[in-house]
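Novice: This structure is in structure tokens; I'll ask about it shortly.
The values are calculated or read from the model by the stated rules, or taken from the named source; none is laboratory data. Since the model is a prediction, treat every value here as computed from it, not as a measurement. Virtual Cβ from ideal backbone geometry, glycine too; neighbours counted across all protein chains shown. Remember, those area values only see protein heavy atoms, side chains included, never the ligands or the DNA or RNA. Shrake-Rupley method; radii C 1.70, N 1.55, O 1.52, S 1.80 Å.
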Amino acid sequence: MRQKWKAAILLLVVISLLGGCFAEKPALEELGPEGKGKMKVIYYDEDSFFKEYGNPFNLKYPNIELEVVSTAPIRREMQANGTTYEEEYVKFVEKHKPDVIITDSDSFEKLAQEGKLYNLEAIIEQEKFDLGGYLPGFVDLLRERGGGSLYGLTPHFTTKVIFYNADLFREQHIELPRNKMSWKELLELSSRFAESGSEDDPIYGLVGQYGRADNIFFDVAGSLSLRLFDAKGEKIAFNTDGWKEAMELTANAIRGKAVFSTLLEPRSRYGEVDVEQSENFFKGKVAMVLGSPMFLHGLREYPKYDKEANPIDWGIVTAPVDPANPDESNYVFLSSQFAILADSPNKRAAWEFVKYVNGPDRAKAASRSLQGLFDELPTRGEYMKELDGKSLEPLFMLRPKASSGNVWGGPNVKIPPGFYWPFANLIKQELREMIENNKPAEAAVAKIETEGNVILKQEREREKTEAEKAREKAQENAAKK
């Protein structure tokens, strides 16, 4: 009997040892002795990197050596070679071979599609890294950009909401705004304030950043899920019922002074308009502001600097949505994506950095203070519930739209940079014609489509010519060397 027990015990030991030998290999090996490691990252500025990320990270991981390569030369290479930022960024990555990149969505998506980024799925599963704390839709969007897999994480996002002066609403006996309104509903609510002021001292229901009519217009168009280009991304398709509706809604809102616009009340500089209308919010001359989280600073700080400003009862609701997709928002955008290069020799140190920056502890620490809160919010929103007793839920309520959900058509539509400004001026010109001369929307959208495509063709030809000249110059300089 004793011999059988010995044999059984020996068999268990052998099985255990074999199990250890054939256990699943860890996705990433641990750091070396004493947690030593190193990591290279490319970022726009070394000092900014260490202030924002590097120094806090080294407090927790003092034995991981960080090297930062500035991306400043990329702009110079673009000008010299006549190339796009994404093209030069990829070349920059290939030249400097970083372990970690912190980049925009287009560059991230391009590198992921080319197989140059490390797939995070296995290490996330191995370490049970908490993805559940991310706001709804954020991880899905990152996976979409990675072709179904997760190649990067982002700790921040940007958004806009409607800030409102509840005191002014009560004074005018107007119901408060609510979450997930459409632009049509918001403008109808806003128009009720136009009757409250006077010709010389108007009360505006709504102002947006800078008061630009084209900004208002594209906000309205985005909520209607309109697309500027045809299916191939080659031409502007503007002469449609949807764009006509967007033009009419915008023109009527500006004409009726439901929304402030420099189209009727021009100012010398847009920054001055922004400041002035923010001041008017506190003075009871503006009921609602479409703004970023930075406006939260003003809600706290402005009364300290203006002795005539009285504290107000303010609140927040979501920015307008498309009624067909009320849980999504055109205003929610992922900020820089943190990714690890597929051929990095320092993946474990790189992962510790990416994990730290995107982890719940850092999100919790960042949520304790508004000092670092400007246009960005943490993608883990469970730690920011209220400010001064006011609910911040609307800031985190809506999901981002898919990459293809943009008015401009998403990353696969190539638009020359020189197109935007003249096209915006064309929009403003036709809105003015509708407001001041009662031009029919049908005629306005037809003209915008025709002249917009002329602008697009000209700018594409200009871009092509400039790129050819830059390449010729680069070849000449190379020959001289």
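Novice: Please report the antiparallel percentage of DSSP beta bridges with both residues in the chain, rounded to the nearest 5.
Specialist: Working: 24 of 40 bridges.
In the chain, DSSP labels about 60 percent of beta bridges as antiparallel.
Novice: Also: At 0.890 mPa s and 25 °C, plugging the Kirkwood radius over alpha-carbon pairs of segment 129-262 into Stokes-Einstein gives what diffusion coefficient in µm²/s?
Specialist: Values: Rh = 17.8 Å.
Calculated translational D: 138 µm²/s.
Novice: Next question, about the same structure. Starting from the Cα-Cα distance between residue 464 and residue 60, subtract it from 0.36 nm times their residue separation and give me the gain in nm to one decimal.
Specialist: 140.5 nm
Novice: While we're looking at this one, here's another question. Heavy atoms of the protein only, probe of 1.4 Å, neighbouring chains included. What is the accessible area of residue 454 in Å², nearest 10?
Specialist: 70 Å²
Novice: Checking a compactness column here: for segment 100-150, what do you get for Rg(Cα) / (2.2 N^0.38 Å), N being the number of residues? Don't jump to the answer; show the numbers that get you there.
Specialist: Values: Rg = 11.2 Å, N = 51, 2.2 N^0.38 = 9.8 Å.
Computed over Cα atoms of segment 100-150, the ratio equals 1.15.
Novice: Lys/Arg Cβ at +1, Asp/Glu Cβ at -1, dipole of the chain taken about the Cα centre: which of 228, 82, 26 is farthest positive-ward?
Specialist: Of 228, 82, 26, it is 26.
Novice: With runs of 4+ DSSP H residues as the only contributors, calculate the mean residue ellipticity of the chain at 222 nm using -39,500 (n - 2.57) per run, divided by the residue total and rounded to the nearest 500. Provide the component values of the computation, followed by the final result.
Specialist: Working: 18 runs with 216 residues, N = 481.
Counting only the DSSP helices, I get -14000 deg cm²/dmol.
Novice: Applying 1/(1 + (r/R0)^6) with R0 = 56 Å to the Cβ-Cβ distance of residue 34 and residue 443, what FRET efficiency is obtained, to the nearest 0.05?
Specialist: Working: r = 74 Å, r/R0 = 1.32.
With a Förster radius of 56 Å, E is 0.15.
Novice: Give the share of C-alpha pairs in each 5 angstrom bin for segment 309-447, from 0 to the last occupied bin, in whole percents, shortest bins first.
Specialist: 2, 7, 10, 12, 13, 14, 13, 11, 8, 5, 3, 1, 0, 0
Novice: With every protein chain kept in place and ligands, DNA and RNA left out, what is the accessible area per residue of the chain? Probe 1.4 Å, answer in Å².
Specialist: On the way: 24860 Å² over 481 residues.
The answer is 52 Å² per residue.
Novice: Taking just the alpha-carbon atoms of segment 78-181, what radius of gyration and Dmax come out, in angstrom?
Specialist: 20.7, 64
Novice: Let me ask something else about it. Would you work out the charge dipole size for segment 347-474 about its Cα centre, treating the Cβ of every Lys and Arg as +1 and the Cβ of every Asp and Glu as -1, and quote it to the nearest 20 debye?
Specialist: Numbers: 23 positive and 20 negative charges, 137 e Å.
Charge dipole of segment 347-474: 660 debye, to the nearest 20.
Novice: Quick one: if you take sqrt(5λ) for each eigenvalue of the C-alpha gyration tensor of the chain, what semi-axes come out, biggest first, whole angstrom? Intermediate values should be presented prior to the final figure.
Specialist: Details: eigenvalues 447, 191, 94 Å².
Semi-axes (√(5λ), whole Å): 47, 31, 22.
Novice: Also, I was wondering about something else. At 7 Å along the Cα-to-beta-carbon direction for both residue 170 and residue 201, put a label point, then send me their distance in nm to one decimal.
Specialist: Computed distance between label sites residue 170 and residue 201 equals 2.2 nm.
Novice: So what is Rg over Rh here for segment 377-481, counting just Cα atoms and using Kirkwood for Rh? Don't skip to the end; give the middle numbers.
Specialist: On the way: Rg = 22.5 Å, Rh = 18.6 Å.
Over the Cα atoms of segment 377-481, Rg/Rh equals 1.21.
Novice: Could you work out the equivalent-ellipsoid semi-axes for segment 23-130, taking the square root of 5 times each eigenvalue of the Cα gyration tensor, largest first, in whole Å? Present the calculation step by step, with values, prior to reporting the outcome.
Specialist: On the way: eigenvalues 160, 75, 26 Å².
Semi-axis lengths for segment 23-130 are 28, 19, 11 Å.
Novice: So which helices of the chain fit the span-like rule, where a helix is a whole DSSP H run, its Cα atoms reach 27 Å or more along the axis, and its mean Kyte-Doolittle is at least 0.5? Please list the in-between numbers first.
Specialist: Numbers: long enough: 2-21 (29 Å, 1.21); 441-480 (57 Å, -1.26).
Sorted by number, the helices that extend far enough and score high enough are 2-21.
Novice: Moving to a separate point now. When you count, for each residue, the other Cβ atoms within 10 Å and take the mean per peptide, how do 228-235, 335-342, 444-451 rank with the highest first?
Specialist: Details: 228-235: 14.2, 335-342: 22.0, 444-451: 18.5.
For the peptides 228-235, 335-342, 444-451, the packing ranking is 335-342, 444-451, 228-235.
Novice: Counting only protein heavy atoms and a 1.4 Å probe, tell me what percentage of the chain's accessible area is made up of carbon and sulfur. Before the final figure, lay out the partial values.
Specialist: Values: 12490 of 24860 Å².
Exposed carbon and sulfur together represent 50 percent of the surface.
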